[in-house]
Structures are given as structure tokens and as C-alpha cells.
Amino acid sequence: MAAHAHTVKRYRGLMDWLTTVDHKKIGILYLIAGGFFFLIGGLEAILIRIQLIKPMNDFVGADTFNQLITMHGTTMIFLAAMPMLFALMNAVIPLQIGARDVAFPFLNSLGFWTFFAGGVLLNISWFAGDIPDAGWTSYVPLAGPMYAGGHGVDYYLMGLQIAGIGTLIGGINFMATIINMRAPGMSFMRMPMFTWAIFITSALIVFAFPVLTVGLVALTFDRLFQANFFETGNGGNAVLWEHIFWVFGHPEVYILILPAFGVISEVVSTFSRKRLFGYSSMVFATVLIAFLGFMVWAHHMFTTGLGPVANGLFSIATMLIAVPTGVKIFNWLFTLWGGSISFTSASLFAIGFIPTFVMGGVTGVMLAVAPADFQYHDTYFVVAHFHYVIVGGLIFGIFSGLHYWWPKMFGRVLNEKLGKATFWTFFIGFHMTFFIQHFLGLIGMPRRVWTYLPGQDFDTMNAVSTVGAFLMGIGTILFIVNVIVSAANKKPVADDPWEDGRSLEWSIPSPPPEYNFKQLPLVRSYDAWWNEKQKGNTEMPPAEPVGPIHMPSPSILPLVMSIGLFAAALGFMYDHLIVAIGGLVVTFGSMFLRSVFDDHGFHIEPEEQEKGVHA
Amino acid sequence: MSAHDHHLDGHLPHEPEKATLEGRNKILGFWLFLGAETVLFGTLFAAFIALRHQVLDGPTADHLFELPMVFAATMILLVSSLASVFAVQALHQHKVKAMIVWLIITILLGLSFLGLEIYEFNTYVSEGHKLTTSAFSSSFYTLVGFHGAHVAFGVLWIGLLIAQIFKKGLTVVTAPKIYVSAIYWHFIDVVWVFIFTVVYLMGKVG
Amino acid sequence: MANDHSAASSDPRRRHRHEGPQKHVVAFVLSLVLTIIAFAAVSAGEINTTFTYIILVGMAVLQVFVQLAFWMHLKDRGHLFATMGIIFGIIVVFTMVIMALYWVWW
């Protein structure tokens, strides 16, 4: 093996984190960055709710309120929810499919850093004093050069463009990983449900994000170079933006919710100690939801005036999605049915998810009825609906997944008492905040308006809603306390801390060594690890002899490339062409270096593996 | 699993681009990227189709486009695509010299396509068809310009790969890069098929 | 399937039949003919507009099929996911073109 003995610099400390290409560390980076933006978005939400606590409140002005709702929506969806999903994907997927890493470790790191650069760019708008304020959908002409002068919307466009590159890279990477890197014996129909969900999600990312890219480019051209895509006066069309945004935007909400479905499937099955009910129907339902997800975008535009034929078609297509989703709900219920359920924090979040998400789904079908939608449109009913599916679905799923996989990611179990306290405060707070908003919407409170007059029966319900928002905030703080407490707890964690682990990640140490599997496992069934345990085996049968393990080398280039893009975006926005070109030169120069200098990686020899090289 | 089985020495396998897992990952990942590119160009096409009649005071498509020039550009790209497929064939037969020759032909044709496009855009601008003229002109320049940028990137990329082949030779590391760049080049040609059909020919028909 | 690896990779011991240039030249000539038909249909100018549109779209689709299958090797084995990726991309593009044609102006 002398020919392979490339010596590669191994970094330590901060440099290790900046240069890492290890999917487990990148997962942690995603979690930290996503968690940070989640706190920012949450703070914005609290400020919005304080403003709405009583009629004619003047806590924040109308302009600030517009900025808060815009940044809250954008931050939560693109910078908090998706990165936290990417955190779980990175932490879990290679382990679940029995792989040593993702297909493209370098691109994985690039994906993280571009997302982070985009997120930081969007949020420095707070310091620049030019904050996006056209709503998270940035509808034109409101977001066009005429009505949104200044650079606020530019921050939105450039930030999302750069973050979108990272997301697209991640999608391609995980699709390729799941197709090509599965352990011997792991056929598609033996993949854990979470892996399936991420596979389909990644496909949605690959086919939906380019649409957003084009939309952002078109609006950027309109704003920076006086192009006319959406300038009605020059022949442009504002409805075109709505179409482009929602052709991307609707698959985006499935990008958010499908991974949560995957998490729930794993958690429900593990903590019921039962095989997931209806596994193949689950897979089929996921695929169907994803496919239909591309065919329903215009249900966001019923009131635009597309006409009865289009409204009818999109109405029916939307209602159809309830069918595969219902299949999933019943499958979870039947998995729970007759199981010996243990109510851990992870399982509480999963069980709380089911009725909450059903409520969001039911209001979804209500909104799909086009004539009725004319009444609900732009009221708090819509706000309640999408918070039920996104918070009640996705955020519950993320909390569930974090409690479930925390021991695998960090080698510490989260405190169960604090976990349950998190669940109950968050769960009660959530329903308090949003259940009542259905009725606020039905009696006519419009969304996105900074205040309201007294005497419309809005007052009490808004006050209750705000109290609920504070409870959710307390729940989040309890989770952070839990993280700190668990970090202080030095007790080592077993490989399979829940003792009922079913998939491959529970067959290796917590946290896993940097090469994950000393020998790639041989997968002999669905729920591979569970079945080996049933046969009395204490480890997975190996599919290969012990040998040197090839690892990719760390690299600083992804970070440099992202900084280049970041600088270029600022340069374009503020007309400093030199900065813009300089930034692009840095980015393309890094690509050049990456192409010219081959990454031979390095090998971890069996003796070293014995010493246990930990991540 | 890794680059062990066919390392940089000894015989190259018949299809060196698929000899390693890294190579196979690269090809698969690139195809998925092309799936994304399909949607990217599809969205640009959709925007163009929606806005194609919004000419305002600017020159119309019928007035602007000259079919002989479009036909020449089409032929250049088509022949370059053939050159690039011959390069891949030479790659499979391990004929490094032939491969380099075909790749050089590919980028020369790519460069002449770019030259023609710059000349064309220049003419249009002088006729009063600028990015800011109308919704039609904005969507035209964005769609055709995105394609042109892809050609330019391809030329630079393949040029860089030729340099790498000179330096490193044909190996299981360089072969996937060549193969993937060829797929990219064909994809650019495929997009052009729709551009000359939808933008130019349909623009002429009206 | 994990075994796809071996299917997609080539076995160095088994010499593949070298593909000749004929196949690619045939694809080239086909593309050429399809292109010329499209340009001729427009240059002729006498045909009715709808019919010209149909010819143009038909020629473009055929040519793309030829190039994807032969030059981009989509018809070769080991391209299942590549093909699925392109097909799904085309479905998305198709819905967007419908949108552009019918639901932007009214």
C-alpha cells in the first residue's frame, strides 16, 4: 500500500471545522447554522406577535412589520427548516445505507458553505438598514424596482440565489449517494423509510430549485439591469412571477414535509417496537405526493383570475394529494396499533405530529376548494393552515428526529425530563398560537397587516395567540438548555441507546468513527439491524475483509468559493464592478484549483482503526 | 470500493470513465445536474414563450432574425457535437492523440459559435433591440445569453481538461472528466435545438 | 441495487466490441436532415402556420431523441436514473410550457 501513502494534513480545532468534508461534521455545522437562523426567525415571530397583541399597537411601525414578516418567512423556510433537514440528512443517511461517506464529500462541504454565505448575506440586510419587505413570496410589482427601491429585495434575491446553489448541490449529492453508495444487499425496497423520504426530497430539490434560480435571475435583471420580465409598462407580466415562484414554491413545501414524514416513520416504528406498517405503500405514497406536488402550484393563485378550467383542474389535483397523505397517516396509526409504545421525547413529538398534521391537512383540503378559497385567501386562516403543516409537521418532525438521533450525532443522550417539558410547552404553545388563528381568519382578519382596529372581536384571540407564541419560545429555550445539560454530561452512550434501533446507524458506535463502518455491512433484510438482533447477532455480518479505508482530504476551497460568491453578490448590488468580478474570480479560481489538483485522499490503516479514530 | 482496483498504472479498462466508484458517481451526479439544467432552461423557455409577443416599439422577431446566420450557428454546434462524440470514442479506444485533436476541434467550433453570437447580438443592439427594450428582448437575451454562457463555460472547461490530459495523461481520474464534459457539450447542443426551433424559426413564422 | 455498480462498470477482462464511428455518423446525418427539414419548412413560407409549428416541434423532439439516445448514451445500460432524471425534467418543463401558453395572459 506504499503507493497510496499520501500524507495529508489533518487539521485541528477551528480549521478542522472549516475544512471538513466529513458528512457527520457537516451535519453538525448545518444544525448549528440552521439552529442559529431558527432562533433569529423565532425572535422575529415573537416581535410580530407582540405587535399584534392588542389593537392599534405601536410596538413596531408598519415598515418594520413588513420587514419582520418577510424575513421571518424567508429565514424560517430557507435558512432554518431546510438546513436542519440537511443536518439530519447528513448525520443519518450515509449511516442508514451503510456507506462510508456521501458520493461527493467536497460538494457536500461546498453546499453547506454556500447556504451559509447566502443566509448571512440575507441577514446582514438588518445591519445595512435596507431590509427585504415584499413578503417571502416577493410578488411583483411590489418587489419590482418601482415599489421597492433601495437594496432590500436585492438582499433577498442574492441571498436566496447563493443559498439555493447550496441546496441544489445537496440535492444532487444525496440522490447520487442513495443510488450509488448503498451497502451490499441493500436493495431499494430494503431502504429505511427516512432514506426513501430523503431520496424523493432530493429529487424534488433537483427539479424545483432551478425554477427558483430562473425566477430570481429574472427579477434581479429587472431590478439591476432594467430588464422587463415583470414590468407591465414594458410588456412584462406580473402573473408570470407568481407562476414561476409557485412552480418552485409548491414542491418546496413537500421538500420540507417529506423528510419529516421519514423521521416520523422511523420514530414511530422504533418506539412501537414494530415493523413499519405498509412499508411499500408508504414508499408509493411518497413518490405519488412528490409527483403530484409539481402539478398543483396554481392553487396558490386561485384568486389571480386564471379562470374556472384552471381553477377546477388545480383544485382537483390538490385534493388528490390528500389520498397518499391519508395512506401515510393510517400507516403510522396501524404501526402504533398494538405496539408496545414507549413515550420518550422523540416518540411524543412523533405522536403529537399525527393529529396536528391531520388538522393542517384538513384545512389544506378546505383551501383547495377554489370558490371557498376566495373567502379564505389572504386571511389568518391561511396563516393558521401553513403553520399547522410547517410547524406542526416539519418542526415537530425535526424535534422528534433531533431527540432520536442526538445520541448518534453527539454521543450524548438528551435529558428525557427536559425533552418532555420541551414537547409539552411547545405543543401547547403551538396549538394556542395557531388554532385560534383559523377563527381569526374566518371572521375576516387579513394577514400581513401590521395592526387592526378594536371592536372587531379580534382582540382576545390575538392576545391568546401571542401568549402561545411565548410558550413556543420557552419550549425552544428548554431545548437549548437540554443541549447544554447533555453536553456537560460525560456519560458514554451505547451503540444502540434506544435498544430498539432497527436500521444500520444503530449497529455502529455513537458517535461513529470518521469512516463509519470498519467493514461495510451485508444487508439481509428490511430493518436490517433489528433482524440481526432477532437472530441473536451482536453485529452486522461484514461484506468485506478488514482493510485500509480510503478517505477524502479536507479542503478550505468550499469556504473560499462561498466567500467569493458573497463578495460578488454585494459587488453587483452596490455597483462595485471590481468587487463583483473579484469575487467571481475567487470562486472560479477555486474551481480551477479543485479541477487541476487531484484529491488523492488518504488511507486509514487497520492498525489505526483499532485505536479508534473518532469524529 | 475506491480507486484501488484500477489505479493509475497498468492497463486502462475499456471504459475508464466508469472504472472507479468516484467516476460512476461523477457521471450519475452530472446526469442529475443535467436534469436540473433541463428545468432551468425549461423555465427560461417558458418565460420567453409567455413574453415573446411583447415587442412594444422594438423590432419584431421576424424583422430581426436572419435564417442563414442561425443555420450556420446550428451547423457549427451540430458538427462540434459530432467532434465531441468522436473524442469519447477515442477515449474508449485509448487513442489519446486522436482524442485531443477531436477535443480541440470541439472547442474551436465552440469559439466560432460564440463569435457568431456576439456578432449577432451586436447587430441586434444596433437595430434597437436591447435588454431593456421590451419584455420580448429581455427574455430573448436572457434565454439565448444563458445558452451562450454555457457554451463559453464549456469551452473554458474543455480547454482546461486538454491541458490536464497533456500533464496527467489519460487515467481513471481524468477519463470521467472528459466523458462528463462531452455529455455537457451534447446537452448544450440539445438546448440549442430548441432555441433555434422555438426562438428563431417560430419567431420567423410568427 | 448495489450490484448496479458491476453492471455499470466494465469488466476489463471482457473486451467490449468497439463501437464504430458509423453509428455516430448516422445520428449526425439524421440530425442534419431533421434540422434542414425544419429550416426548409420556415423558408418555404407558403405552408399554414399551425402546420409549420407542428413540423417544427416534431423535428426538434425527434432530433433531441436521437442525440440523447446515441450521443449521450442514454440508451446504453446503467443509465436508468439518468433517463429518469431527464424524463422527469421534461415533464416539469412541459407543465411550465402549458402554463406559459395558457395561464399567463387572458
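The values are calculated or read from the model by the stated rules, or taken from the named source; none is laboratory data. Quick caveat: nothing in here was measured; it's all calculated off a predicted structure. Cβ coordinates were reconstructed from backbone atoms using ideal geometry, including for glycine residues, and neighbour counts include every protein chain displayed.
Could you say whether any residue in the range A:234-244 is part of a loop (DSSP other than H, G, I, E, B), buried (at least 24 other Cβ atoms within 10 Å of the Cβ) and within 11 Å of chain B (Cβ to nearest Cβ)? Yes: one or more hits.
Of the residues making up the range A:361-378, those that are within 28 Å of the chain's Cα centre (by Cα) and part of a loop (DSSP other than H, G, I, E, B) are A:His377, A:Asp378.
Against the conditions (1) within 22 Å of B:Gly154 (Cβ to Cβ); (2) surrounded by fewer than 17 Cβ atoms within 10 Å (Cβ to Cβ); (3) of a type outside the set (Val, Ile, Thr); (4) in contact (Cβ under 8 Å) with a residue 24 or more places away in the chain, A:Ser595 satisfies every one except (4). Entry remark, the range A:215-230: residues being assigned to a loop (DSSP other than H, G, I, E, B) and at the interface with chain B (Cβ under 7 Å from one of its Cβ atoms) number 4 in total. Quickly run through the range A:413-450 and pick out the residues that are in contact (Cβ under 8 Å) with a residue 60 or more places away in the chain, at negative phi, surrounded by fewer than 17 Cβ atoms within 10 Å (Cβ to Cβ) and outside any helix (DSSP H, G or I). Result: A:Pro446, single match.
Looking only at the range A:117-159, residues that are under 21 Å from A:Gly35 (Cα atoms) and more than 22 Å from the chain's Cα centre (by Cα) come to 3 in all. Cβ-Cβ distances below 6 Å connect the following pairs, each with a first residue in the range C:70-89 that is more than 8 Å from chain B (Cβ to nearest Cβ), a second residue that is part of a helix (DSSP H, G or I) and of a type in the set (Val, Ile, Thr), and a separation of six or more residues or different chains: C:Leu74/C:Thr83. Screening the range A:160-179 for residues that are within 14 Å of A:Val217 (Cβ to Cβ) and more than 14 Å from every other protein chain (Cβ to nearest Cβ) and picking the one that is farthest from the chain's Cα centre (by Cα) gives A:Ile162. For the range C:85-106, the count of residues that are more than 30 Å from B:Lys204 (Cα to Cα) and modelled with pLDDT of 85 or more is at least one.
Quick check on the range A:64-84. Is at least one of its residues among the small types (Gly, Ala, Ser) and within 14 Å of another protein chain (Cβ to nearest Cβ)? Checked the range A:64-84: no residue is among the small types (Gly, Ala, Ser) and within 14 Å of another protein chain (Cβ to nearest Cβ). Restricting attention to the range C:16-43, the residues that are farther than 12 Å from B:Leu201 by Cα and either outside any loop (DSSP other than H, G, I, E, B) or polar (S, T, N, Q) (or both) add up to 13.
Annotation for the range A:316-336: no member residue is within 14 Å of chain C (Cβ to nearest Cβ), buried (at least 22 other Cβ atoms within 10 Å of the Cβ), touching a residue at least 12 places away in the same chain (Cβ under 8 Å) and more than 22 Å from the chain's Cα centre (by Cα).
Would you mind finding the one in A:Pro192, A:Pro210 that is away from chain B (no Cβ under 13 Å) and either under 20 Å from C:Ala82 (Cβ atoms) or buried (at least 24 other Cβ atoms within 10 Å of the Cβ) (or both)?
Numbers: A:Pro210 fails: away from chain B (no Cβ under 13 Å).
Step by step, each of A:Pro192, A:Pro210 is checked, and only A:Pro192 is away from chain B (no Cβ under 13 Å) and either under 20 Å from C:Ala82 (Cβ atoms) or buried (at least 24 other Cβ atoms within 10 Å of the Cβ) (or both).
Mind checking which residues of the range A:390-412 are of a type in the set (Gly, Ala, Ser) and not in a helix (DSSP H, G or I)?
A:Gly411
Residues of the range B:168-183 that are in contact with a Ser or Thr (Cβ under 9 Å, 6 or more places away or on another chain) and either over 23 Å from B:Ile27 (Cβ atoms) or more than 7 Å from every other protein chain (Cβ to nearest Cβ) (or both): B:Lys168, B:Val172, B:Pro176, B:Lys177, B:Ser181, B:Ala182. Kindly indicate whether C:Gly20 is within 26 Å of B:Lys26 (Cα to Cα), surrounded by fewer than 14 Cβ atoms within 10 Å (Cβ to Cβ) and modelled with pLDDT of 70 or more. For C:Gly20, the condition - within 26 Å of B:Lys26 (Cα to Cα), surrounded by fewer than 14 Cβ atoms within 10 Å (Cβ to Cβ) and modelled with pLDDT of 70 or more - is met.
Can you tell me how many residues in the range B:14-23 are in contact (Cβ under 8 Å) with a residue 40 or more places away in the chain and either within 7 Å of another protein chain (Cβ to nearest Cβ) or surrounded by fewer than 22 Cβ atoms within 10 Å (Cβ to Cβ) (or both)? Explain how you work it out, then say what you get.
Going residue by residue through the range B:14-23, those that are in contact (Cβ under 8 Å) with a residue 40 or more places away in the chain are B:14-20, B:22-23.
In the following step, the residues that additionally are either within 7 Å of another protein chain (Cβ to nearest Cβ) or surrounded by fewer than 22 Cβ atoms within 10 Å (Cβ to Cβ) (or both) were identified as B:14-15, B:18-19, B:22.
Residues in the range B:14-23 being in contact (Cβ under 8 Å) with a residue 40 or more places away in the chain and either within 7 Å of another protein chain (Cβ to nearest Cβ) or surrounded by fewer than 22 Cβ atoms within 10 Å (Cβ to Cβ) (or both): 5 in total.
Every listed requirement among (1) facing another protein chain (nearest Cβ under 7 Å); (2) under 25 Å from C:Val42 (Cβ atoms) is met by B:Asp62 save one, (1). Just one of the listed residues (B:Leu34, B:Leu78) is over 20 Å from B:Gly159 (Cβ atoms) and either within 14 Å of chain A (Cβ to nearest Cβ) or not in a helix (DSSP H, G or I) (or both), and it is B:Leu34. Take A:Ala384 and tell me if it is within 21 Å of A:Thr74 (Cα to Cα), surrounded by 18 or more Cβ atoms within 10 Å (Cβ to Cβ) and in contact with a helix residue (DSSP H, G or I) (Cβ under 9 Å, 6 or more places away or on another chain). It is true that A:Ala384 is within 21 Å of A:Thr74 (Cα to Cα), surrounded by 18 or more Cβ atoms within 10 Å (Cβ to Cβ) and in contact with a helix residue (DSSP H, G or I) (Cβ under 9 Å, 6 or more places away or on another chain). Contact annotation: no residue pair with Cβ atoms under 9 Å, 6 or more positions apart or on different chains, pairs a residue in the range B:107-132 that is in contact (Cβ under 8 Å) with a residue 60 or more places away in the chain and within 16 Å of B:Ser81 (Cβ to Cβ) with a partner that is exposed (fewer than 13 other Cβ atoms within 10 Å of the Cβ) and among the basic types (Lys, Arg).
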